[in-house]
Amino acid sequence: MQVEKFYYDNRIVKNFAYATIIWGGVGMLVGLWAALQLVFPQLNITQYGSFGRLRPLHTNAVIFAFVGNGIFMGVYYSLQRLCKARMYSDKLSYIHFWGWQLIIVAAAITLPLGLTQGAEYAELIWPIDVAITIIWVVFGWNMFGTIIKRRQRHLYVAIWFYIATFVTVAVLHIVRSGQLPYSWLQSYSWYSGVQDALVQWWYGHNAVAFFLTTPYLGLMYYFLPKAANRPVYSYKLSIIHFWSLIFLYIWAGPHHLLYTALPNWAQSLGIVFSVMLLFPSWGGMINGLLTLRGAWDRVRDDVILKFMVVAVTAYGMATFEGPMLSLKSVSSISHYTDWIVAHVHVGALGWNGMLTFGVLYWLLPKIFNTQLYSKKLASNHFWLATLGIIFYAIPMYWAGIQQSLMWKEFTDAGQLKYSFLETVTYMKPFYAMRALGGVLYLSGVFIMFYNIYKTVKQGKLVANEEAEAAPLAIITEKHKGEHWHRVIERKPIQLMILSLIVILIGGIIEMVPTFMIKSNVPTISSVKPYTPLELQGRDIYVREGCYVCHSQMIRPFRSETERYGEYSKAGEFIYDKPFQWGSKRTGPDLAREGTGNLRKTDGWHFRHFREPSSMSEGSIMPTYPFLIEQKLDTSNTAAKINAMRKLGVPYEKGYEKFANKDLMTQANSIRINLKIEGIQVPADREVIALIAYMQRLGKDITNNNTATFNK
Amino acid sequence: MFKFIKQYAETISGINIYPMISLLIFLIFFIVLLVLVKKMKKEKITELSNIPFDNEELSNTTLAKTNSTL
């Protein structure tokens, strides 16, 4: 057959590569800054730079900007070569690239402004969610267009991973983004309490699975064999790896909610599937490492292979640790601590970071038709990055375990040995060491900046790389006895549908009962909707990202019930949109902050928000003086009440008209309380609303002995 | 100790069967997958795993090694 001449689009690969490098630097820099804020709280400069707003900026930048662009860089390079075709449409590539960058810029603006949905890794507000959906469809369109016009009949394993990534991220994003807007920028979650928690961690866990893992496994299956110049160790293993990984991953989300108010059966499902997940994960890791069989001597000299080996090893470590952390006994120690922070950074810095660097060093010289400027600098980068990971992870592991043991330690007399604050101040040296790890890692990235700048300068971009291949012959009939997988591999749409079915099974089995729960969760008669002022206060709590450091979920352990009061019940959260259980206790749990001996006066809260260390010496919480200066925006109270009512919160019809009156009455009573304590502040300030919310926390069931539990 | 968490689950009738169904679905899926993959032909596998390479890129020795290990 006549061979066709065509050109690979390298310009789009270059663009995504540059975006990966730039956003990687930005995301890590924000991370380093946030790490330093935990050591030096005075680095919380202005409300736009406080930890609660910067930490989501860091996670979003690293996941969606650094790794996101890394995915697209790798996919656009490898897909063209694996399909022996140029990308389907240059225009779509262009829209995809600039659309994604605009989304990132929008995130970088809105998050510091406090515009957030308050759900981890799904913080971005609804207009940005819509934009993500559109751009994701553009990406899928371009990808499938390319696959359909390919000149290579079979879809290589990397492409299956790309397809599964596309379809699953679409499902995750749409389900998690279920929300009802009440203004042009803001919205409330469709789900509440336990349901919201399950949707969140189904999403959160699978964002790790299908954004940080499957696309990168696709990259591993392409770039590792290319860099090692030998085919993958076992293609059969890669097929098993793919199908069992995508099947199992989707079930594992509930392991983020062990010992919480999530139903036990869902917790158990999460545990079982998390443990099973070890096998496909390690199958993939082994497949990656054994690809280097007989070529290990080259790893000594080839810095790109070094990066890739550490990446795959980090993948293996993180995916061993994950199932272990999913065991209830381990989770009881690790949950809410810095152990989890260490775990995710082994994944992010090790697996994603190192693989990205390896791919960048391999790919950029190729598309610029030159050699890497300096192997020595790349080698320095490698060692700085590796040391950085070690300096980051070890202090965090140590801190996490120490923290947990201190939280759980009792004196002989049966009382908690440490106040929460003591455990926080104990962490400071570890936080400092972690920041040092971050400095090392980031300095490696800056060396890479320079090295790549020099490499690009000495070469010239081959924007359109010439290639030749024969077009596909049209197959009119199926070969007799043809293998099933060969058939699927030829048919991308069928492969996508099959992947979709496989991931939906787990999702549906977990979700359906949770949505049935509405009639099954024991409702607690004394749990009432928030008052308008408390609702406004809660939205400030969400805006400031308080959930980043404070949980609102007391687990049923003596060490927790002694410290925080009665363990949390599912029925307590039915009006919480979004749920604010949190995942990390840099500060104490707040689920019962308004009750029992945890209850403080309004004046205490006021002074604490103004200057936390004035009330709790050694506190590393940011200061919130702006809450005292800023007036509470009550113009949206009616819209908020209406939206909540539509979502099932039983505010009486027409209440929105009187809501602001009630709000002012409650605000005035707090103002009077403050006045008695010698604090003069107008009733219309944000801090008043936040105090009202603080005082409400946990009150519904603990203050009312007649509460009836309707099972 | 964890009876109080369990009580929520128990209110959903027949919930005990959920984990069993899930496990069975996966086991069947996995066994079928394993059998089907096992039945794939060696030559085909070699061909597929070499897709990332234009044949001239790989030295003959590497290809030979690959064939012998598969």
Whole-Hz couplings from phi, Karplus 6.51/-1.76/1.60, listed for the range A:559-575; x for Gly and Pro: 4, 8, 5, 5, 7, 10, x, 2, 5, 6, 10, 4, x, 6, 10, 5, 9
Approximate spin-label separation A:ARG300-A:ILE45, in nm, with each point projected 7 Å along Cα-to-Cβ: 4.9 nm
How far is the Cα center of the range A:316-368 from the Cα center of the range A:110-142, in Å? 24 Å
Antiparallel DSSP bridges in the protein assembly as shown: what percent, to the nearest 5? 95 percent
Please turn the phi angles of the range A:369-374 into ³J(HN,Hα) values with the Karplus equation 6.51 cos²θ - 1.76 cosθ + 1.60 (θ = phi - 60°), one per residue in order, whole Hz, x for glycine and proline. 6, 8, 9, 4, 4, 9
Can you flag which of A:LYS14/A:LYS491; A:LYS577/A:LYS646; A:LYS5/A:LYS236; A:LYS226/A:LYS306; A:LYS528/A:LYS675 are past 21 Å Cα-Cα? A:LYS14/A:LYS491; A:LYS5/A:LYS236; A:LYS528/A:LYS675
Send over the per residue convex hull volume for the range A:525-710, Cα only, as a whole number of Å³. 126 Å³
Just grab the label-to-label distance for A:ILE390 and B:ILE28, each label 7 Å out from Cα along the Cβ direction, in nm (one decimal). 5.0 nm
Tabulate in residue order the Karplus-calculated ³J(HN,Hα) for the range A:141-151, using 6.51 cos²θ - 1.76 cosθ + 1.60 with θ = phi - 60°, rounded to whole Hz; enter x for Gly and Pro. 4, 4, 5, 5, x, 5, 5, 5, 9, 6, 10
From the square roots a ≥ b ≥ c of the eigenvalues of the alpha-carbon gyration tensor of the range A:170-274, which class results: rounded (a/c under 1.5), prolate (a/b over b/c), or oblate? oblate
Would you mind checking which residues have amide H under 5 Å from A:GLU4's amide H? H placed 1.01 Å from N; only 5 or more apart, or other chain. A:ALA469, A:ALA470
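How much FRET efficiency would the formula 1/(1 + (r/R0)^6) give for A:GLU652 and A:ILE508, where r is the Cβ-Cβ distance and R0 is 45 Å, rounded to 0.05? Don't skip to the answer; put the middle values down first.
Values: r = 36 Å, r/R0 = 0.80.
According to the calculation, E is roughly 0.80.
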Cross-link candidates for A:LYS460: which aspartates and glutamates have Cα within less than 20 Å, leaving aside residues fewer than 8 places away along the same chain? A:ASP9
Footprinting proxy, A:TRP398, A:TRP251: sorted fewest to most Cβ within 10 Å, the residues are A:TRP398, A:TRP251
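Would you please put A:82-90, A:2-10 in order of how densely packed they are, using the mean number of other Cβ atoms within 10 angstrom per residue and starting with the highest? It would help to have the intermediate numbers written out before the result.
Details: A:82-90: 20.7, A:2-10: 14.2.
Final packing ranking: A:82-90, A:2-10.
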Considering lysine pairs in the range A:307-452 that are 8 or more places apart or on different chains, how many have Cα atoms under 29 Å apart? 8
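Ranking A:LEU278, A:LEU533 by Cβ neighbours within 10 Å, fewest first, what do you get?
A:LEU278, A:LEU533
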In nanometres, what is the gap between the two model label sites at A:THR411 and A:ASN668, each 7 Å from Cα along Cα-to-Cβ? 4.7 nm
Amide H proximity to A:SER525 below 5 Å, modelled H, separation 5+ or other chain, gives A:THR708, A:ASN710
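Kindly provide the Kirkwood hydrodynamic radius of the protein assembly as shown in Å, to one decimal, from all pairs of distinct alpha carbon atoms.
Values: mean 1/r = 0.0362 Å⁻¹.
Computed over the protein assembly as shown, the radius equals 27.6 Å.
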Whole-percent pair-distance distribution, where bins are 5 Å wide, for the alpha carbons of the range A:548-648: 2, 10, 15, 19, 19, 18, 12, 4, 1
Test of understanding: ordering A:ARG555, A:ARG176 by Cβ neighbours within 10 Å, fewest first, what list do you get? A:ARG555, A:ARG176
Per residue of B:36-49, what is the mean number of Cβ atoms on other protein chains within 10 angstrom of that residue's Cβ? 5
Take the alpha carbon gyration tensor of the range A:1-160, find the square roots of its eigenvalues, order them as a ≥ b ≥ c, and report rounded if a/c is under 1.5; if not, report prolate when a/b exceeds b/c, else oblate. prolate
The answer for A:LEU416, listing residues at least 5 apart or on another chain whose modeled amide H is closer than 5 Å to its amide H, is A:THR411
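Relative contact order for chain A using alpha-carbon pairs under 8 Å, separation at least 6, rounded to a whole percent?
Numbers: 1169 pairs, mean separation 124.4, N = 711.
After rounding, I find 18 percent.
Read-outs: derived from the displayed coordinates by stated rules, not from any lab. The structure displayed is predicted, hence computed values, not measured ones. Glycine gets a Cβ as well: all are built from the backbone with ideal geometry, and neighbour counts include every protein chain shown.
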